[in-house]
1. Just checking, which of Gly501, Gly512 is over 22 Å from Gln533 (Cβ atoms) and either loosely packed, with under 14 Cβ neighbours inside 10 Å or in contact (Cβ under 8 Å) with a residue 12 or more places away in the chain (or both)?
2. Name the residue, out of Ala227, Ala185, that is of a type in the set (Gly, Ala, Ser) and without any contact (Cβ under 8 Å) to a residue 24 or more places away in the chain.
3. If you go through segment 427-472, how many residues are open to solvent by 40 Å² or more (accessible area, probe 1.4 Å), within 22 Å of Ser503 (Cβ to Cβ) and in contact (Cβ under 8 Å) with a residue 40 or more places away in the chain?
4. Would you be able to say whether some residue in segment 203-222 is on the phi < 0 side of the Ramachandran plot, more than 52 Å from the chain's Cα centre (by Cα), open to solvent by 10 Å² or more (accessible area, probe 1.4 Å) and in contact (Cβ under 8 Å) with a residue 60 or more places away in the chain?
5. Checking Leu124 against (1) closer than 18 Å to Cys167 by Cα; (2) free of Cβ contacts under 8 Å to residues at least 60 places away in the same chain; (3) open to solvent by 10 Å² or more (accessible area, probe 1.4 Å), which single condition isn't satisfied?
6. Taking segment 484-496, which residues are surrounded by 15 or more Cβ atoms within 10 Å (Cβ to Cβ) and either touching a Lys or Arg at 6+ places or on another chain (Cβ under 7 Å) or in a strand (DSSP E or B) (or both)?
7. With Ala445, Ala410 as the choices, which residue is among the aliphatic types (A, V, I, L, M) and more than 30 Å from Trp509 (Cβ to Cβ)?
8. Taking only pairs six or more apart or across chains, which ones have beta-carbon atoms under 8 Å, a first residue in segment 345-373 that is within 19 Å of Ile330 (Cα to Cα), and a second residue that is among the β-branched types (Val, Ile, Thr) and open to solvent by 40 Å² or more (accessible area, probe 1.4 Å)?
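The values are calculated or read from the model by the stated rules, or taken from the named source; none is laboratory data. What you see is a predicted model, and the numbers here were worked out from it, not measured in a lab. Positions of Cβ are generated from backbone atoms using ideal geometry, with glycine treated the same way; all protein chains shown enter the neighbour counts. Surface areas here come from the heavy atoms of the whole protein model, side chains and all, with no ligands, DNA or RNA. Shrake-Rupley method; radii C 1.70, N 1.55, O 1.52, S 1.80 Å.
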Amino acid sequence: MSGPTSPTLRPPLARSLLVSLSATFIGCLLAFGTAVHFLIVAPATQSLARVQLDLATAHIQSEAERSFRRIETQLGTARAWGQAGHLNVNDGPGFQALMAPLLNDESRISAIRLLNADGRQLTLSRDAAAPHSETRSPPGRDTANPGTAEHPTWSAPYRTPGSGDGCITVSVGWRGADGSLRLLAFDISLAELSRLTLETPVGERGGGAVLSADGDIVGVPRYPRFANLSDRHNAILQPAATLDVDFLTHGHARWLGAGQVSGRVLSYQNEGETWLAQFIPLQLGEQRWWVAGFAREADFIPARLQEVMPALLLLTLLAGALAIAIARRIAQRLERNLAALVERSERIGRLDLTAPPPLNAPWRELVELDASQEHMRAQLQQAREDLLRSRAELEDKVDERTRQLAEKSAALSDQLLFIEVLLDALPSPVFYKGPDARFLGCNTAYEQAFGTTRSFLRGKTVLDLPYLPAADRISFHAEDLRIIGEACTSHKETVIPFADGRSHDTLYWVRGFRLGNGEPGGLLGVIVDISAQKAAERAARVAEERSRQMLESSPIAVVINRPDGTPLFANTRALVLAGTDMDTFMSRSVTTWFRDPSSAEKAITRLKNGLPVRDQETEFQNIGGRPFWTLMTMERI
């Protein structure tokens, strides 16, 4: 183990105090900044982002629904013209006169088509000077063909043949005067829907998008790449997962993972930053599209906080520098006063107890420390005087204590003599050993039983005893060590050879004990000779076996039962009458062998009343149910 560190290797107080105060100040600033961020800035940022996200998605939803409802209204007006007979595939100029103003006023409509049931079609496009007529397959066979409902029906999004522009068609039908079906369809350009999403930013980098039920892009989000019309054109009807727009791809995946929840703001990570996403439904006929909004949380940090942050940092640094300067001045003053106190302590350590010059300290704690040192110096002076006086008193007390110990030693010797006489009066062998399993002594009965003396035993282990077999000595010694170590008890019957040359049945009882300090103290053993009792037990077992043989050889069935009717003994004759083996017979109550259960109850009741049953004719049945008659005698034993 290394010794104490030299005082010259320890840092000075001024530096330690300066470092501690600086670290405390910096820690407080960090804790304050963390609390401001998580309790004020972060909640405010999230709240602003969620509000802007709600406003953007709701704006796109309401504008798109308003635009689609307007187109449905215009389609309903045109249908009324058709029902009035003003629209005919054979009247191109009339169709253009009615539909051209509508096409010019509504920029989202890219083409208007009129179809007959026989497949003739009249189409007026935005980029055509006049309508053109063509014959096509009957309506409804491909994506670009309208339906046949008499109410506005919206098709799934598709790309137009040739140009590949993203479109969706709304159509309505009616019956002409001749009863044939006529259809009017408006082709709506999805590029106009993308203009709405591009013009709806959410923060600095976020934006909105419109997706079909299958996850295809219907309205592209605000993204630098889509400033190019060609890229914007190619992005329409592309799956969101393959569009390569980072916040859209991750946000859409997060929404799918959350179970496509509607209206809930979801948080996700994109390029190491926290973003928020929200999806709300946009119903278009029987189709459900989704308006998606994406916002980066960092875009909504309050601007005022960003402006004052440099000033706050400068004030923090100035406050830190001022705190360090003040701490350094205080540390230097404290160090000078402590140096004076150290010098006084060293004088006291050298037992120079002369009065020192007064200490003029500016702090109460240092003044109290100086007073404590002065008090200690005065106490040491008084202690020096008392030491000489106490030395003489101590010598007198040592003499008195020595006399008292001598008296207690004599009394202890008398007690030990009494215990030795008491052990010698016991008729059973008693021995006791120390913590090393060596004999400390025994009583007279032990000496007589094994033909030894206590003077011979003292200091020996059981391994040194010649009157025990070698195997027994090893077993007894191992047991002695265990009992002493565990301070437990062993009580068993064993056979031990005595000095008379015979092996005696004994009760061998040994108990370990501990000293007052908890250390192992040794063991105490007692040997009780039970040879006479064992001989009597063996004689009783011989008599019992003789009785069992007599009952077994009897030609009369003999059964001994417990009070509850379960058998204790049955001889061979009883098993023959019952027609079963011993295990089956012993597992059944004796009453089950009676043919008439009432006979069994009467016999048992008579026995319970203390009366025997003698030579009573009783009908029994064997294991197979065959009856047989016997003369039954029953008596309680």
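1. Gly512
2. On inspection, the qualifying residue turns out to be Ala227.
3. 2
4. No, the conditions are met nowhere in segment 203-222.
5. (3)
6. Matches in segment 484-496: Ala487, Ser490, Ile496.
7. Sole residue among the options that is among the aliphatic types (A, V, I, L, M) and more than 30 Å from Trp509 (Cβ to Cβ): Ala410.
8. The qualifying pairs are Leu359/Val367; Ala361/Val367.
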